[in-house]
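The values are calculated or read from the model by the stated rules, or taken from the named source; none is laboratory data. It should be emphasised that the depicted structure is a prediction, and the values quoted were computed from it without experimental measurement. For neighbour counting, all protein chains shown are included, and Cβ atoms are generated from backbone atoms with ideal geometry for every residue, glycine included.
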Amino acid sequence: MTLFDPLVVWEYRWVLLRGLMITTMLTGIVITLAGALAIPVALARISLRWWLRWPADFFVEVVRATPLILQLVYIYYVLPSIGIRLEPFSAAIIGLTLNYTAYMSEVYRSGIAAVPRGQGEAAMSLGLWPSLSFRKVILPQAFRIVLPALGNYLIALFKDTALASVVTVQELMFSGQIIAARNYQYFTIYTITAILYFVVGYPSALLVRRLEVWSSRSLYSARRRNT
């Protein structure tokens, strides 16, 4: 038997490509939702109002203290016992979004803290309301600071979508597992699966590297203008 059989890859090409499409779709949906939801969670964590800060702290700490795979299993297999039933794809989106919202909120929080306090004070001295000052002055600078870290989370999320297989989402990894279980061509199937992950993941890593360079240059230029 040939160690790597291209005929097997050709036979199951559409199954693998469909799995890759689902993986990419999951990544795009989750990173968009988590990126948006992480901002209010970060703001709640730095709020002076305890009734905003405590629930946000509790959410972030619970998510960070438990494995992602357990969170997915809980959402899909445990919640039906209390009447909450979700489709596999929906359960995967919710689980991954909650997990990445918690982690990305910490990134945003550190980015906001890294913006010099004088920036906000200067904006308010010019007559801007605190909310407008935050939206127009603080948040854009914080976003540039955390952009490389967010890019790294995008790459991590692309790989973590493989965990959606535990809730029976037929993404790329699960598709490979099903094919390998049928024909026992483990070397062929898992090699081509790894190649497909690399084909998408490596260009993303290069993009993140370029974002890091752009972000550092942009911040340096902005600080020179302010001095």
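Each residue in region 27-67 was checked for being touching a residue at least 12 places away in the same chain (Cβ under 8 Å) and not in a helix (DSSP H, G or I), and 1 pass. Of all residues in region 26-41, those that are surrounded by fewer than 18 Cβ atoms within 10 Å (Cβ to Cβ) and either closer than 15 Å to S204 by Cβ or of a type in the set (S, T, Y) (or both) total 2. Within region 159-217, the only residue that satisfies the criterion of being surrounded by fewer than 22 Cβ atoms within 10 Å (Cβ to Cβ), among the acidic types (D, E) and within 24 Å of I69 (Cα to Cα) is D160. In region 99-115, the residues that are farther than 13 Å from V41 by Cβ reach residues that are crowded, with 18+ Cβ neighbours inside 10 Å and among the hydrophobic types (A, V, I, L, M, F, W, C) with C-beta atoms within less than 6 angstrom, at least six apart or across chains, in these pairs: G111/A142; G111/I145; G111/V146; A114/I145; V115/I138; V115/A142.
Of the numbered criteria (1) touching a residue at least 24 places away in the same chain (Cβ under 8 Å); (2) within 18 Å of V166 (Cβ to Cβ); (3) not charged (D, E, K, R), the one L70 fails is (1). For region 114-131, residues that are under 28 Å from A102 (Cβ atoms), at pLDDT below 80 and in a helix (DSSP H, G or I) total 5.
Name every residue in region 1-25 that is in contact (Cβ under 8 Å) with a residue 12 or more places away in the chain, among the aromatic types (F, W, Y) and loosely packed, with under 15 Cβ neighbours inside 10 Å, in order of residue number. Listed by number, the list holds a single entry, F4. So in region 62-102, with the set limited to residues that are hydroxyl-bearing (S, T, Y) and crowded, with 18+ Cβ neighbours inside 10 Å, which one is farthest from L33 (Cα to Cα)? If we take residues in region 62-102 being hydroxyl-bearing (S, T, Y) and crowded, with 18+ Cβ neighbours inside 10 Å, then Y76 is farthest from L33 (Cα to Cα).
Scanning region 140-190 for residues being of a type in the set (S, T, N, Q), under 19 Å from T97 (Cβ atoms) and either touching a strand residue (DSSP E or B) at 6+ places or on another chain (Cβ under 7 Å) or assigned to a helix (DSSP H, G or I) (or both) gives a total of 3.
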